[in-house]
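J.: Mind having a look at this structure? Questions to follow.
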Amino acid sequence: MSESKVFKGRVIAKGNFKGEAVVSHEGFNTLASFQKSALLNKKNVIVSDQNNKDLYGKDITNKILCLPITIGSTTGGLVIQTVCNMKINPRVFLFSMPIDSLAASGIVLAKVWQNSDVICVDNLGEEFLNTVKTGDTLEVKEDGTVTIL
Amino acid sequence: MIDYKMTLTDEQKEILEGKKGETLKKIMETVVLFGDIFDAKRLVPVTHLEGHLVTSFGIPLLHPLFDTMKELNDQNIKAKGGFTMDPRPLDYQNVKCNFLEKIVFNKILYGKQKDYEEQLLKAGLTDKDSFSCTCYLKECGNRPKKGDILSWAESSAVVFANSVLGARCNRNSGMLDLFGSILGLVPEFGLLLDENRKASWVIEVKTSKIPEAQILGSAIGLKVMEDVPYIKGLDKFLGTEINDETESYLKDMGAASASNGAVGLFHVENLTPEAKEQGEKLIKEGAKTYVIDDAELERVYKSYPNMWKVKDADPELCLIGCPHLSLYQLKKWHDDIISSLRANNKKKVNCRVVLTSAPKVVNEFKKHYEDMYNELYRVGVTISSICPLMYTNNPLVHSKAIMTNSNKLRTYSMARYFKDEEILRLITK
């Protein structure tokens, strides 16, 4: 059995959660990824961004989304707030880089206006994203510790 | 009350404590928590109070947006200095849609448009003609001055305001733009601070002729991503004074750099205000260099994918004006199209051509250049204030062979990019 790997980041929205990782190695286009499922009022988000080779067609609802940053339209923050309101959001956002302003506004909007229990940690480092794989089980602690089990 | 790190004044604390009402408390919480993430030390006053908002479209999926707007309207909370908006997504009069497209637009994609525009007017929208991504053009009137602090979103407007006007604004998200405009306060970080306005890239333009603005901006954006570039060698082509022609060029170059990368500020040596004042003092120690010559521009241009379903299809629609065209550009496209049609002995353009420009610019064009306006319609060119991006954000439009000279539109849609001279040839040959 392989050894657990532990990473430490900065807490943006705190919480504890254990679940399955879904990994995007490239910038995650928020609007393109969430648009279809949110528009059609689906119970799960199936990533609809055809340019995202890692996650296109994958279910990311209630999973732990691992990504470098978000990219795309400046509506990105509102879209994160929307999927959190619909409760079809990834339960945790884990950023390898410092969080971008669009994702940051989305997380803050979801916490303040939707009272969402979304969890977010940033600055986990490049090695985290190089190590974690889709399907891995991760444990996220409220102090920003992320363990790949 | 929330835990926060930045220093707040007593008045700001009162809002955060809910003494001015629950809604303003949540607005303040959002702005403060957002600023804390970027280590802002304090909130600073917005000195150019007229905001600019990016979320101009009533797409039903954004229901928290409509709920928040309702809450603001119910309590008569407004932006202190009003605001302008990005362009509307629809204009059936000038950008024709078939029956099926109208159903998709009206019932699914933009079904909340009418209600949303009413909410916007109550929250401080300047007027019904304030829908354009180029709010900063003289005709549009939302034009900050050097040193002004803004609460704007829309990447192309932010990069123009920072770079060409010397104002100060971060690349904000939708909703944060409105909240800053309501409070008249924004967190002080990023491009609001002198140290972050210095360049970590030197761009050396060594082309044999003036580069296509949209490709130059794209090349810069793709290389520097979110960093600040200091561009040398462009003043040789653009001169050293900002005028209508150079503004139009820098508008298009900036939009491409902001959408192909994430540039929020650029400096052009001997031309843009901070570069004129400070020169090479704006360049950080250890800045990297990127040389752009004819071959490099061509390499970048050739890298753009052709997303058309039928790769060599005849173009069905040509969209020119993302970001919206200036008055100078409307006149130039008129002159170029008409003279090229005459040279080719043709009376009409080869496909539907739509020039997009701000309502207030179009009004000026109609008023002062009525003959040109009518002549364009006679040859099959229409003028609209639609957002080409929103229009093409429709699965039914994806299969159409749309051409554009906009690098932003190319990036976010299936439209295919062509240089200005190629577009002219394709629509008038």
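The values are calculated or read from the model by the stated rules, or taken from the named source; none is laboratory data. The model shown is predicted, which means the values in this text are computed figures rather than measured ones. FYI the Cβ positions are ideal-geometry reconstructions off the backbone, even for glycines, and counts take in every protein chain you see. For accessibility, only protein heavy atoms count, side chains too; no ligands or nucleic acids. Shrake-Rupley method; radii C 1.70, N 1.55, O 1.52, S 1.80 Å.
J.: Name the pairs whose Cβ atoms lie under 7 Å apart, with the first residue in region B:338-350 and surrounded by fewer than 13 Cβ atoms within 10 Å (Cβ to Cβ), the second among the β-branched types (Val, Ile, Thr) and assigned to a helix (DSSP H, G or I), and 6 or more positions between them or separate chains?
T.: Listed by first residue and then by second, the contacts come to B:Asn344/B:Thr428.
J.: Let me ask something else about it. Looking at (1) part of a loop (DSSP other than H, G, I, E, B); (2) away from every other protein chain (no Cβ under 13 Å); (3) farther than 27 Å from B:Lys284 by Cβ, which is the only condition B:Gly174 fails?
T.: (2)
J.: Further, regarding this structure: I need the strands (runs of 3 or more DSSP E) fully contained in region B:184-286, keeping only those with at least 3 residues that are of a type in the set (A, V, I, L, M).
T.: Working: elements: B:185-187, B:199-205, B:229-232.
Fully inside region B:184-286 and qualifying: B:199-205.
J.: Go over the candidates B:Leu137, B:Leu165 one by one and state the one that is outside any helix (DSSP H, G or I), in contact with a Ser or Thr (Cβ under 8 Å, 6 or more places away or on another chain) and among the aliphatic types (A, V, I, L, M). Please lay out each step first, then the result.
T.: Working: B:Leu165 fails: in contact with a Ser or Thr (Cβ under 8 Å, 6 or more places away or on another chain).
Among B:Leu137, B:Leu165, only B:Leu137 is outside any helix (DSSP H, G or I), in contact with a Ser or Thr (Cβ under 8 Å, 6 or more places away or on another chain) and among the aliphatic types (A, V, I, L, M).
J.: If I ask for residues that are in a helix (DSSP H, G or I), open to solvent by less than 40 Å² (accessible area, probe 1.4 Å) and within 30 Å of A:Leu40 (Cβ to Cβ), which ones from region B:391-429 would you list?
T.: Listed by number, the residues that qualify are B:Tyr391, B:Thr392, B:Lys408, B:Leu409, B:Arg410.
J.: Only one of these is more than 12 Å from every other protein chain (Cβ to nearest Cβ), over 18 Å from B:Ser56 (Cβ atoms) and at pLDDT 95 or above: B:Gly147, B:Gly141. Name it. Lay out the reasoning, then the answer.
T.: Details: B:Gly141 fails: over 18 Å from B:Ser56 (Cβ atoms).
Answer to the check: B:Gly147.
J.: Select from region B:224-246 the residues that are open to solvent by 10 Å² or more (accessible area, probe 1.4 Å) and under 18 Å from B:Gln329 (Cβ atoms) and list them in ascending order.
T.: B:Phe237, B:Leu238, B:Gly239, B:Ile242, B:Asn243, B:Asp244, B:Glu245
J.: Further question on the same structure: From the list A:Lys5, A:Lys36, which one is surrounded by fewer than 16 Cβ atoms within 10 Å (Cβ to Cβ) and not hydroxyl-bearing (Ser, Thr, Tyr)?
T.: Only one candidate passes the filter, namely A:Lys5.
J.: Working carefully through the options B:Lys128, B:Lys122, find the one that is open to solvent by 10 Å² or more (accessible area, probe 1.4 Å), more than 14 Å from every other protein chain (Cβ to nearest Cβ), over 29 Å from A:Asn89 (Cβ atoms) and part of a helix (DSSP H, G or I).
T.: The unique qualifying residue is B:Lys122.
J.: Let me ask something else. What are the residue pairs meeting all of these: first residue in region A:73-99, first residue within 11 Å of another protein chain (Cβ to nearest Cβ) and at positive phi, second residue of a type outside the set (Asp, Glu) and part of a loop (DSSP other than H, G, I, E, B), Cβ atoms under 7 Å, and 6 or more apart or on different chains?
T.: Between residues of region A:73-99 that are within 11 Å of another protein chain (Cβ to nearest Cβ) and at positive phi and residues that are of a type outside the set (Asp, Glu) and part of a loop (DSSP other than H, G, I, E, B), there is no close pair.
J.: Still on this structure, I have one more. Given the structure, is B:Ala262 buried (at least 20 other Cβ atoms within 10 Å of the Cβ), within 30 Å of B:Asn94 (Cα to Cα) and modelled with pLDDT under 95?
T.: In short, no.
J.: Can you name every residue in region B:1-14 that is touching a helix residue (DSSP H, G or I) at 6+ places or on another chain (Cβ under 7 Å) and within 12 Å of chain A (Cβ to nearest Cβ)?
T.: B:Ile2, B:Tyr4
J.: Further question on the same structure: Step by step: first the residues of region B:15-48, then only those that are open to solvent by less than 70 Å² (accessible area, probe 1.4 Å) and more than 14 Å from chain A (Cβ to nearest Cβ), then the one that is farthest from the chain's Cα centre (by Cα). Which residue is that?
T.: Step by step, filter region B:15-48, then rank; the result is B:Gly21.
J.: Kindly evaluate B:Lys309 against the criterion of being touching a Ser or Thr at 6+ places or on another chain (Cβ under 8 Å) and modelled with pLDDT under 95.
T.: yes
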